[in-house]
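Visitor: Handing you a structure now.
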Amino acid sequence: DLAATVITNGLSGYQDDADGDGYANLLEYVTGGSLTNAGIEAKMQGTRTNGLLALRFNRDTNAVDATIIVEGSTSAANSATWLGIATNVGGSWGAATNVFSAGTNSPLSETVYDTDSGTNRFLRLRVTRP
């Protein structure tokens, strides 16, 4: 697929932003965004349901060569401690019970709930290469 080609062909690095939309190439590849069209970017949304904070994003089911990590913290400062909430390795969330997938085509809509019900919570989506 085009995203994988752009990332691996040496023209653009994983952390580069090939289309200038503010999202790193690897993040766009994993979330079904476009590395070459700034109008098709990674979409993420934070919501609160029944007191729990959740992060909703798209996941390209073909991007099994990257690891997706959703983390939570009580601070968004540079020195903040981030703890893992859910990890997707090779396309699987493992035994996570706080992740819900919706859709039948790629990209899927993923919702990851933070099990910490604190009022001062921040969530982030981190994508790495295995």
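The values are calculated or read from the model by the stated rules, or taken from the named source; none is laboratory data. Remember, it's a predicted structure, so these values are computed and weren't measured experimentally. Because the Cβ atoms are built from the backbone with ideal geometry, glycine has one as well, and the counts that use them run over all protein chains shown. Keep in mind that these areas ignore ligands, DNA and RNA; they rest on the heavy atoms of the full protein, side chains included. Shrake-Rupley method; radii C 1.70, N 1.55, O 1.52, S 1.80 Å.
Visitor: Pull out all pairs, ordered by first then second residue, where Cβ-Cβ is under 7 Å, the residues are six or more apart or on different chains, the first lies in region 83-104 and is on the phi > 0 side of the Ramachandran plot, and the second is of a type in the set (A, V, I, L, M, F, W, C).
Guide: Going by the 7 Å Cβ cut-off, the qualifying pairs are Gly90/Val64; Gly91/Val64.
Visitor: While we're here: Consider Thr115 carefully, then state whether it is open to solvent by 30 Å² or more (accessible area, probe 1.4 Å), more than 18 Å from Tyr23 (Cβ to Cβ) and either at pLDDT below 90 or in a strand (DSSP E or B) (or both). If you could, list the steps in order and put the result at the bottom.
Guide: Values: open to solvent by 30 Å² or more (accessible area, probe 1.4 Å): yes; more than 18 Å from Tyr23 (Cβ to Cβ): yes; either at pLDDT below 90 or in a strand (DSSP E or B) (or both): yes.
Considered against the rule, which asks whether it is open to solvent by 30 Å² or more (accessible area, probe 1.4 Å), more than 18 Å from Tyr23 (Cβ to Cβ) and either at pLDDT below 90 or in a strand (DSSP E or B) (or both), Thr115 comes out as yes.
Visitor: Can you run down the residue pairs with Cβ atoms below 8 Å, 6 or more apart or on separate chains, where the first is in region 24-46 and open to solvent by 60 Å² or more (accessible area, probe 1.4 Å) and the partner is part of a helix (DSSP H, G or I) and at pLDDT below 80?
Guide: Thr36/Leu2; Thr36/Val6
Visitor: Given (1) among the small types (Gly, Ala, Ser); (2) open to solvent by 50 Å² or more (accessible area, probe 1.4 Å); (3) under 14 Å from the mean Cα position of the chain (by Cα), identify the lone condition not met by Ala54.
Guide: Evaluating Ala54 over (1) among the small types (Gly, Ala, Ser); (2) open to solvent by 50 Å² or more (accessible area, probe 1.4 Å); (3) under 14 Å from the mean Cα position of the chain (by Cα) leaves (2) as the failure.
Visitor: Just give me the residues in region 77-106 being surrounded by fewer than 12 Cβ atoms within 10 Å (Cβ to Cβ), of a type in the set (A, V, I, L, M, F, W, C) and part of a loop (DSSP other than H, G, I, E, B), in sequence order.
Guide: Of everything in region 77-106, those that are surrounded by fewer than 12 Cβ atoms within 10 Å (Cβ to Cβ), of a type in the set (A, V, I, L, M, F, W, C) and part of a loop (DSSP other than H, G, I, E, B) turn out to be Ala77, Ala95.
Visitor: Would you pick out the residues in region 118-130 that are touching an Asp or Glu at 6+ places or on another chain (Cβ under 8 Å) and assigned to a loop (DSSP other than H, G, I, E, B)?
Guide: Arg121, Arg129, Pro130
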